[in-house]
Amino acid sequence: EAHSIEDIATEYFGEIVSSRGVTKQLSRLWSARDRRRGLLPFLSTIILKSKLRLEGTVDDINGDILTDMMGVHSTSTEIFSMLFHFFQSVALPSDGPVKLRLTSVVTGDENWPDVEREVRGFTEKLRRLCTKLKSLTKGLGKVMADDDEAEKALLAKVLEVSAVTGRLTHMAAAVDSILFGKGEDSVRWVHIEPAVRGGGFRINLRLSPLNVGGKLFSNLYSKLSTTVLTSATLSVGGAFKFLEGRTGIGLIPAEKKAEKLLKSPFDYKNKVQLVLDSTLLEPTSSAFNVSLAARIPALVKERSGATLILFTSYALLNFLYGKISGEIEAMGFNTLKQGSAPRHELLRRFRDDYTSVLFGTDSFWEGVDVPGDALKTVVITRLPFEVPDDPVAEARRIDIEENGGNAFREYALPKAVIKFRQGFGRLIRKKTDSGIVVVLDKRIVTKSYGKIFLKSVPECEILYAEEKVLV
């Protein structure tokens, strides 16, 4: 799956600090819900049971350290609540998750100095707590013996406290770096999303490298004698130029690399029809969603279910599911919606029920393996260009333009083509499979770049919806 290497490297070489992550680490040391739980109370109990005379250390834990811990716990909740309200106030209105790049527009807001003062105060408190915890674990490490069971248990807890302290120290530095750093080779951004459990929200503070090519070259390729990158979707328009430019392969001398584009073992020419429907409105039209709602139920009926409908956003998925799922179910077909159950459970139901219709976005464009009659039709509602508000993609497009390039041709289009190929590839999973892929985005026909999408998929029969009724 080497087509994902840029995204994976972006995650690996980046930083993320979440409100949940900070709370989790603090709660490992001391639980605000049950003050008897946590590593520090347990550490005090073990010390008192050991042969070591460390009553003063217990007093330190239950006194000074625990007081600081309570303060950091309380402040952490207040800080992330403040960040939530601030970022919501400066972001564009949204019913879903919020992704916001920390540009000068954000940091130039009149309330930003107050945010910075409060956050820096919190990270300083956290660092002071970590300093005390390091002193505690270092002191205990010097006096412990190895021959007593209680002291072995003590050693284990000391090591755990030390590990948590290291994580919290790193988090404090990362928060300052993400919110107040000045590095031009990184993208600083915030992701606010609903909490999975218990309601509320979760804030993720993120730092992502602007480009990963140099990092991959110095940390991976140059360290290995041989590197092999394989995937069914590495090329764009029959060439590897995009992959080489984005992932550091272009930095490798020509004499030290080789490339090979292999044909698919599947008989796409006789097994697949690619249907291009240019009768719908332009995706930029405000009525496009309504035209999709009018087209898809008829398509599902014509194909007797066994359909995977791919979307480029949760908003469009939710709108259409709410609009047409009842109509589809009235025809006798079951509907499945991403998010209504775990991914593996949705796919199990889809495989088992040959009349079902699965609505999916993002992760369902790849990694879905449903061979046989359970999947006979893939519907692509829109060409999968990245959403314009993705902070990392936005920063990379700006970087390309500022360096004299064409961000659409060099970045947005190739990424969309690769994802389109992934979606197309959901249909044929073994040699006996057959079916149709329907594209409801007329731009694949009306725009010049549509030819690049068509050139990038295996050779197959292409039909135009207005010329032939689907069968």
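Here, each number is a calculation from the coordinates, and none is a lab measurement. In this text, all values refer to a predicted model and were calculated from it rather than measured experimentally. Cβ placement follows ideal geometry from the backbone for every residue including glycine, while neighbour counts extend to all protein chains displayed.
A few notes on this one:
- Proximal charge balance of Gly108 [Cβ under 15 Å; K/R count +1, D/E count -1]: -1
- Each of Tyr354, Tyr411 was scored by other Cβ atoms within 10 Å of its Cβ. Listed from fewest to most, they are Tyr354, Tyr411.
- Stokes-Einstein D for region 174-303, Kirkwood Rh over Cα pairs, 4 °C, 1.567 mPa s (µm²/s): 63 µm²/s
- Rg ratio (alpha-carbon, reference 2.2 N^0.38 Å) - region 261-398: 1.11
- Net charge contributed by nearby residues that have their C-beta within less than 10 Å of Leu168 (K/R +1, D/E -1): +3
- In summary, the helical segments of the chain meeting the span-like criteria, namely a full DSSP H run, a Cα extent along the axis of 27 angstrom or more and a mean Kyte-Doolittle hydropathy of at least 0.0, are 66-90, 149-180.
- The mean sequence separation of alpha-carbon pairs under 8 Å and at least six residues apart, normalised by the residue count of region 378-457, gives a relative contact order of 42 percent.
- Counted over the chain, the DSSP beta bridges are approximately 40% antiparallel.
- Members of Lys260/Lys376; Lys260/Lys455; Lys337/Lys455; Lys182/Lys415 lying beyond 25 Å, as alpha-carbon distances in this model show: Lys260/Lys376; Lys337/Lys455; Lys182/Lys415
- Cut-off 14 Å between beta-carbons: net charge of the residues surrounding Ala341, Lys and Arg +1, Asp and Glu -1: +2
- One entry in (i) -0.43, -0.55; (ii) -0.38, -0.51; (iii) -0.29, -0.38 is log10 I(q)/I(0) by the Debye sum over Cα atoms at q = 0.06, 0.07 Å⁻¹ calculated from the shown coordinates; its label is (ii).
- The distance separating the Cα centre of region 199-236 from that of region 444-465 comes to 29 Å.
- Residue exposure sequence - His344, His3, His85, His73 - by fewest surrounding Cβ within 10 Å: His344, His85, His73, His3
- A dipole drawn for region 248-402 from +1 and -1 charges on Cβ atoms has a positive end, and of Ser325, Ala374, Leu310 the residue lying farthest that way is Ala374.
- Per-residue Cβ neighbour rank within 10 angstrom, fewest leading, Met331, Met69: Met331, Met69
- FRET efficiency for Leu92 and Leu159, using Cβ-Cβ distance with R0 set to 45 Å, rounded to 0.05: 0.45
- Farthest toward positive dipole pole in region 107-256 [+1 Lys/Arg, -1 Asp/Glu at C-beta], among Ser208, Leu234, Leu136: Leu234
- Net charge dipole, region 155-219: roughly 160 debye, given to the nearest 20, about the Cα centre with Cβ charges of +1 for Lys and Arg and -1 for Asp and Glu.
- Note on the chain: with charges restricted to the Cβ of Lys and Arg (+1) and Asp and Glu (-1), its dipole about the Cα centre is near 860 debye.
- Pairwise FRET efficiency - Asp34 versus Tyr12, Cβ, R0 = 30 Å, nearest 0.05: 0.25
- Amide H within-cut-off set for Ala465, under 5 Å, with H built and near neighbours excluded: Leu276, Asp277, Ser278
- Ratio Rg/Rh [Cα only; Rh per Kirkwood] for region 1-48: 1.34
- Residue-averaged 222 nm ellipticity for the chain, from DSSP H runs of 4+ at -39500 (n - 2.57), nearest 500: -15000 deg cm²/dmol
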